[in-house]
Amino acid sequence: MEEKSRTRIKKEVTELQKLGERLVALPLHQLEALALPEEIREAVSFAKTIKQHGAYRRQIQYIGVIMRQFDTEPIIRAFAEIDAAGYTRAMEFKQIETTRDELVSDNEELLEDLIRRYPEFDRQRLTGLIRNARKEISLGKPPKSSRNLFRYLTEVMISS
C-alpha cells in the first residue's frame, strides 16, 4: 500500500472539517436523526454553542480530527439524502409558483384540471384568491393575495 502524500492528507482533513461544519449547521431535529458516534455528537453540540470565531474554528478542526477515527460514509450518504430532499422540495415550490402565475394569468383550463386532480380544493376560495391576486396586480399593490394563493396551493398540492 502506498503512503499518502502530505497534500492528500491535508485535503482529506479539510474535507472532514467541511463535513463537520455541515453537521454543526444542521437543525437539531436533523442532527438527532443521524446515527452519529457519541464523540462526534458531543463535539458538534458544543460547536453550536460557541460564539467566538477563533474558538469555533478550533472546534471545527477538532471535529475533523475526531471524524478521522470513524467511517464517514453514512454521514456523507445522509447529506446526499438531505440535499436530494431539498432539491425535490425546491422543484415542488417552483412548480407551484408556475401554477400560481398561470392561474393569475387567466388559465381556466388549468383551474379545471387542478380541481379535478385535487378534490380537496375549495373552488370558491381558490377563485376568490385568484381574483384578488389579479386585482392587486392591476392596481400595482403588494402581492399579499398572490402569497395567500401560493400558500393555499402549497397546502393542498403538497399535503395530497
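Here are some notes:
- Taking label positions 7 Å along the Cα-Cβ direction at both residue 41 and residue 141, the computed distance is 5.2 nm, reported to one decimal.
- Restricting the stretch 80-160 to GluC sites (Glu not before Pro) that sit in a DSSP loop and have at most 13 other Cβ atoms within 10 Å of their own Cβ leaves 120.
- Mean separation of Cα pairs under 8 Å and 6 or more residues apart, divided by the residue count, gives the chain a relative contact order of 19 percent.
- Cα pair distances in the chain, grouped into 5 Å bins until the bin that holds the longest one, percent each: 1, 8, 13, 14, 10, 8, 7, 8, 9, 8, 8, 4, 2, 1, 0
- √(5λ) per eigenvalue of the Cα gyration tensor, the stretch 6-70, largest first, Å: 19, 15, 9
- Of the peptides 10-22, 137-149, the order by per-residue mean of other Cβ atoms within 10 Å, starting with the highest, comes out as 10-22, 137-149.
- Only Cα pairs under 8 Å and 6+ residues apart enter the sum, and on that basis the relative contact order of the stretch 87-159 stands at 36 percent.
- Cα-based shape type of the stretch 87-159, given that a ≥ b ≥ c are square roots of the gyration tensor eigenvalues and the cut on a/c is 1.5: oblate
- Whole-number percent relative contact order across the stretch 6-70, with pairs defined as alpha carbons under 8 Å at least 6 apart: 50
Taken together, the values in this text are just the output of simple stated rules run on the coordinates, not laboratory data. If you're wondering where the values come from, they're calculated on a predicted model, not measured in any experiment. No Cβ is skipped: glycine too gets one built from the backbone with ideal geometry, and neighbour counts run over all protein chains shown.
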